[in-house]
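The values are calculated or read from the model by the stated rules, or taken from the named source; none is laboratory data. This is a predicted model, so every value here is computed, not measured. Please note: Cβ atoms are built from the backbone with ideal geometry, for glycine as well, and neighbour counts cover all protein chains shown.
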Amino acid sequence: MRKRPPSPLELRDKARAQVQRKALRTLAKARAGAARAGVELSEWEDAFLGSLSDRVKTFGRGFADPEKGGPGSAFSVRQIRKIKEIKAKTVAERTAAAKPADEDDA
């Protein structure tokens with residue numbers, strides 16, 4: 001027997017679940033990257049990542065106003081910007097730790 005094609009509702013739910021998994025993975029990678037690089041997250045950044053993770057788990061996205069983020073996006077524009085700042089902080093710390101200290105042998 002042929003399997004019936006998924007309904008639009010099933011496709012929408014599948015897409016939402018995929019976006020939710022991607023968002024949670026992004027938050028986990030940001031937190032793990034900071035821990036791996038030895039970057040000390042501020043209290044606010046730690047609370048931000050935690051509360052955003054909770055909202056994504058509960059509601060499927062981290063914001064309520066649809067005008068603040070793109071369609072199908074789990075984060076608003078400002079949330080994406082802050083996550084990128086946390087990741088940049090991690091990368092900057094990692095590259096600073098990898099660079100050898102300048103030696104003045106001259």
(request) Output yes when any residue across the range 46-67 is more than 30 Å from residue 99 (Cα to Cα), surrounded by 12 or more Cβ atoms within 10 Å (Cβ to Cβ), touching a residue at least 24 places away in the same chain (Cβ under 8 Å) and of a type in the set (S, T, N, Q), and no when none is. (result) yes
(request) Of all residues in the range 34-77, count the ones that are in contact with a helix residue (DSSP H, G or I) (Cβ under 8 Å, 6 or more places away or on another chain), within 23 Å of residue 18 (Cβ to Cβ) and of a type outside the set (Gly, Ala, Ser). (result) 9
(request) Answer with yes or no whether residue 38 is in contact (Cβ under 8 Å) with a residue 12 or more places away in the chain, surrounded by fewer than 11 Cβ atoms within 10 Å (Cβ to Cβ) and not aliphatic (A, V, I, L, M). (result) yes
(message) Suppose we keep only residues that are of a type in the set (Ser, Thr, Tyr) and within 25 Å of residue 59 (Cα to Cα) within the range 3-47. Which one would you say is farthest from the chain's Cα centre (by Cα)?
(response) 7
(request) Just give me the residues in the range 1-47 being under 23 Å from residue 90 (Cβ atoms), of a type in the set (A, V, I, L, M, F, W, C) and not in a helix (DSSP H, G or I), in sequence order. (result) 39, 41
(message) Restricting to the range 59-100, count the residues that are in a loop (DSSP other than H, G, I, E, B) and either at pLDDT 90 or above or within 24 Å of residue 14 (Cβ to Cβ) (or both).
(response) 13
